[in-house]
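Beneath this line is the structure, given in structure tokens, with notes to follow.
The values are calculated or read from the model by the stated rules, or taken from the named source; none is laboratory data. The structure presented is a predicted model; accordingly, all values stated were derived computationally and were not measured. Virtual Cβ from ideal backbone geometry, glycine too; neighbours counted across all protein chains shown. When the accessible area is computed, the model is the full protein with side chains, heavy atoms only, and any ligands, DNA or RNA have been set aside. Shrake-Rupley method; radii C 1.70, N 1.55, O 1.52, S 1.80 Å.
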Amino acid sequence: MATRTDAPTRREQILREAARLFAERGFHGVGVDEIGAAVGISGPGLYRHFAGKDAMLAELLVGISGQLLTGAKRRVREADGVAADVLLDSLIEGHIDFALDDRPLITLHDRELDRLRDTDRKLVRQLQRQYVELWVGVVREVYPTLPEPTARSAVHSVFGLLNSTPHLGRPGSLPGRGTTAALLHRMARGAFAAAGTD
């Protein structure tokens, strides 16, 4: 969602506001009328775009998992012939962009994933596994002596670190996006370096 630079469509506006409201008050604490009001349309008008709140939640959580994987694959393609540690930096930067720009989606994932239909939840998990495995391959190129299970644990740990952004305080209370991004990047690289130390 944060990767677009042109004006968002009405559908994207609805999803952004739904994510914000769901993250603030919980899925069941928000009605369609409130989501509609946030984007300037009637609650029933939302049904021209989505079948209901469940469809919005599914599109948000499946969508961001797909976007992360697609973005990571693009970074791998663009890094063809580049050193693995440069590619790892690129993957970290991409995830930091998500962690800083789409903080409500992290909260939403943590709180509401179990509300998805089984098929949607399985799709989210499938996309996430592919994303993790892509990272594991790159981490093991940078740290070739790192066993695969350890590399996978390190990747999950770094995701936990980067996805902690909703707990860092309100956006205005952070030291600035650039400073925060640089700090998260150093911490992620430090974590991988620690895992790769014999």
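What order do you get for 76-82, 32-38 when each peptide is scored by the mean count of other beta carbon atoms within 10 Å, highest first?
32-38, 76-82
What shape does segment 102-198 take by its C-alpha gyration tensor, where a ≥ b ≥ c are the square roots of the eigenvalues and a/c under 1.5 counts as rounded, a/b above b/c as prolate, and the rest as oblate?
oblate
Accessible surface of Tyr47 in the full protein assembly, 1.4 angstrom probe, to the nearest 10 Å²?
120 Å²
Could you work out how far apart the two model spin labels at Thr197 and Thr70 are, taking each label as a point 7 Å from the Cα in the direction of the beta carbon, and quote it in nm?
Going by the 7 Å Cα→Cβ label model, 4.0 nm.
Using 0.36 nm times the number of residues separating Leu168 and Ser42, minus their current alpha carbon distance, what extension gain do you get?
So the chain would gain 41.9 nm between Leu168 and Ser42.
Compare Gly26, Gly43, Gly169 in a GNM of the chain, Cα atoms joined below 10 Å, and give the one with the largest fluctuation.
So, out of Gly26, Gly43, Gly169, the one fluctuating most is Gly169.
Looking at segment 1-70, which trypsin sites (Lys or Arg not before Pro) are DSSP coil and have at most 15 other C-beta atoms within 10 Å of their C-beta?
Sites meeting the loop and neighbour criteria: Arg4.
How much FRET efficiency would the formula 1/(1 + (r/R0)^6) give for Thr145 and Glu34, where r is the Cβ-Cβ distance and R0 is 35 Å, rounded to 0.05?
Efficiency computed from Cβ-Cβ geometry: 0.10.
Mind ranking 90-103, 144-157 by how tightly packed they are, going by the mean number of other C-beta atoms within 10 angstrom, highest first?
Descending packing order for the listed peptides: 90-103, 144-157.
Test of understanding: what is the full-extension gain from Ala7 to Arg121, defined as 0.36 nm times their sequence separation minus their Cα-Cα distance?
Answer, rounded to one decimal: 38.1 nm.
For segment 1-120, which whole percent of the accessible surface, found with a 1.4 angstrom probe, sits on carbon and sulfur atoms?
It is 49 percent, rounded to a whole number.
Would you please give the FRET efficiency between Val86 and Asp110, computed as 1/(1 + (r/R0)^6) with r the Cβ-Cβ distance and R0 = 41 Å, to the nearest 0.05?
0.85
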